[in-house]
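Structure, as structure tokens:
Every number in this text was worked out from the coordinates using simple rules, so none of it is lab data. All figures in this text were calculated on a predicted structure; none of them were measured in a lab. Cβ placement follows ideal geometry from the backbone for every residue including glycine, while neighbour counts extend to all protein chains displayed.
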Amino acid sequence: MNDPFFTKNKCDHCGQPFGAIRMASWFLDNSPICQKCDNKESEIKRRLRNMGIHDAMEGCGYIPNPDEIQVHALNAPANKKV
Ligand SMILES: [Zn+2]
């Protein structure tokens with residue numbers, strides 16, 4: 001089993017070791033995250049939806065900051081890391 005999703009033992013976002021739970025990141029493909037970071041992603045997703053952005057950012061490769069997002073910038077290269 002070499003799937004990085006299962007072989008990683010630390011959260012991709014905050015670096016905390018996993019407890020019993022690992023969640024799939026919505027924004028990063030094949031990236032396991034901890035429950036706490038999943039809650040953060042859920043909050044970001046909720047705010048994106050409020051801005052009219054629904055599934056457009058799934059797997060976009062970085063964690064968007066709703067405070068900085070402009071809807072027209074969604075087509076820009078996804079090279080930003082938070
Ligand atoms: Zn985490």
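Remark: spin-label model distance Lys10-Asp29 equals 2.5 nm, labels positioned 7 Å along the Cα→Cβ axis.
Quick one: net charge of Pro17's neighbours, Cβ under 11 Å, K/R +1, D/E -1?
For residues surrounding Pro17, the net value is +3.
Exposure proxy shown here: for His13, His54, the number of other Cβ atoms within 10 Å sets the order, fewest to most, as His54, His13. From the Kirkwood radius over Cα pairs of segment 4-60, Stokes-Einstein at 4 °C and 1.567 mPa s returns a whole-number translational diffusion coefficient of 111 µm²/s. For segment 1-51, applying the loop criterion from DSSP together with a ceiling of 16 other beta carbons within 10 Å to the trypsin sites (Lys or Arg not before Pro) yields Lys8.
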